[in-house]
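Below you'll find the structure, written out as structure tokens, and then a few comments.
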């Protein structure tokens, strides 16, 4: 039992925790990107079906594309929201790293002093390290996990901008009678695109923005 208990506290635990933190942040960013692409792709597919169902629609459909990355890069509110999210992410990451630094300090202290400690004191010190490690992991999950604080904050700041972008794209599609508008910044592989079919500037104009040159 003693051996099994000691093996729960390893020098590499804190390093693994930090690596897991980085992994959680990357996962959250990947999930947000997927949600962002899905946000535009699924409604646009619905718009395509609606256009295809219109009466007296000619067989030859009109197509266009936008670059949502270009559009968002020219929206000041989006850049401000992204800067705030980056700041929050750094603060929370430092908060968690500080906890792992404390755990590492406690472990090194325990390793140096354990020969002088009674069995009861060893147990208490081990329990403290294990408890703090669990607290750090729980905080990681709360801040950067799926549907965690960072994801919720991103939804709070970014979704209103997504709504405006989609509304502008829909208006361009409707007024221009486009059956399909693709997103050049999405997961679709567009091998060639004629600039005359790029409606990104029109979308920005609908939203009251001008591209920064």
Look at residue 213 and say whether it is surrounded by fewer than 19 Cβ atoms within 10 Å (Cβ to Cβ) and either at pLDDT 90 or above or in a helix (DSSP H, G or I) (or both). no
Conditions (1) surrounded by fewer than 17 Cβ atoms within 10 Å (Cβ to Cβ); (2) at pLDDT below 55; (3) part of a helix (DSSP H, G or I); (4) touching a helix residue (DSSP H, G or I) at 6+ places or on another chain (Cβ under 8 Å); number of the one not met by residue 57: (3)
What residue, of 147, 127, is in a helix (DSSP H, G or I) and either on the phi < 0 side of the Ramachandran plot or out of contact with any strand residue (DSSP E or B) (no Cβ under 6 Å at 6 or more places or on another chain) (or both)? 127
Being within 27 Å of residue 144 (Cα to Cα) and surrounded by fewer than 16 Cβ atoms within 10 Å (Cβ to Cβ) is the filter here, so list the residues in segment 89-119 that pass it. 90, 91, 94, 95, 97, 98, 101, 102, 105
A careful count of residues in segment 127-136 that are out of contact with any helix residue (DSSP H, G or I) (no Cβ under 7 Å at 6 or more places or on another chain) and in contact (Cβ under 8 Å) with a residue 40 or more places away in the chain gives 1
Check 85, 150 and return the single one that is under 30 Å from residue 68 (Cα atoms) and buried (at least 18 other Cβ atoms within 10 Å of the Cβ). 150
Which residue, of 196, 164, 142, 153, is more than 21 Å from residue 75 (Cα to Cα) and at pLDDT 90 or above? 142
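The values are calculated or read from the model by the stated rules, or taken from the named source; none is laboratory data. Worth saying up front: this structure is predicted, and the values here are computed from it rather than measured. Please note: Cβ atoms are built from the backbone with ideal geometry, for glycine as well, and neighbour counts cover all protein chains shown.
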